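The values are calculated or read from the model by the stated rules, or taken from the named source; none is laboratory data. What you see is a predicted model; the values in this text were computed from it and never measured. Cβ atoms come from the backbone with ideal geometry, glycine included; neighbour counts cover every protein chain shown. Areas reflect the complete protein model, heavy atoms only, side chains present, ligands, DNA and RNA absent. Shrake-Rupley method; radii C 1.70, N 1.55, O 1.52, S 1.80 Å.
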Amino acid sequence: DATGVEAGTHNADIVVFSNDPENSIAYIPVSFTVNTSGAEQTITVDPGFQFVSSNVDPENPDMMEVAAEIINDDLMYIRNSIGAMLRKIGPNWVNGIGDWIGTEGYLIKTSAMGEFTVAGTLIDPGTPISLIAGFQFVSYLPEAEMDALEAFATIIGDDLIYIRNSVGAMLRKIGPNWVNGIGNCMPTEGYLI
């Protein structure tokens, strides 16, 4: 059983028990590969503004393909950290973002509830996310929810101003203490840092 084992090639020993008293236990070395392709994550969007992310690198990362299920008259736009957008200009949808990047979060504005599924390869939750000065949308990569103080522990310090979720709750410093107004970070939620 490879449950919980990271993707990649691993070595192990299979233990074989025998009825022969002189050779009752044998160890057979084996190699096995854990494949993380075939992963899917469904992202639900609510009316209004929402930060989203995925822990799956899509097979086809073109933003038009990734978000195809919500590209309709209800979608206003999808925006990345540098302000590039997927939006409708006249009768045509224009992809100014290019490709969906797994470590990046996105801001979606829509007038109706919808959902889309990102299918591809699971991203290692320990993947480092490079930060820039200023504002940035980032992904939350773990598959389970986690206290925001724990999830962002490696960046909490003097250079961090705040981390905000879609509903405006923040992890920020008040006086000498960091206050977690977010609670738990959630899969498919993106965060503004």
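Scanning segment 103-133 for residues that are open to solvent by 60 Å² or more (accessible area, probe 1.4 Å), more than 12 Å from the chain's Cα centre (by Cα) and modelled with pLDDT of 95 or more yields LYS109, SER111, MET113, GLU115. Among the residues of segment 103-131, those that are among the aliphatic types (A, V, I, L, M) and either touching a Leu at 6+ places or on another chain (Cβ under 6 Å) or in contact (Cβ under 8 Å) with a residue 40 or more places away in the chain (or both) comprise LEU107, ILE108, ALA112, MET113, VAL118, ALA119, LEU122, ILE123, LEU131. Set side by side, the residues GLU143, GLU150 differ, and just one is surrounded by fewer than 17 Cβ atoms within 10 Å (Cβ to Cβ), within 30 Å of MET85 (Cβ to Cβ) and either in contact with a helix residue (DSSP H, G or I) (Cβ under 9 Å, 6 or more places away or on another chain) or not hydroxyl-bearing (Ser, Thr, Tyr) (or both), which is GLU143. Filter segment 176-193 down to the residues that are in contact (Cβ under 8 Å) with a residue 24 or more places away in the chain and open to solvent by 50 Å² or more (accessible area, probe 1.4 Å) and list them by number. Within segment 176-193, TRP178, ASN184, MET186 qualify.
Among the residues of segment 163-175, how many are open to solvent by 60 Å² or more (accessible area, probe 1.4 Å) and part of a strand (DSSP E or B)? Total satisfying the criteria: 4.
Selection of segment 80-94 for residues being assigned to a loop (DSSP other than H, G, I, E, B) and either more than 14 Å from PHE49 (Cα to Cα) or modelled with pLDDT under 95 (or both) yields SER81, ILE82, GLY83, ALA84, GLY90, PRO91.
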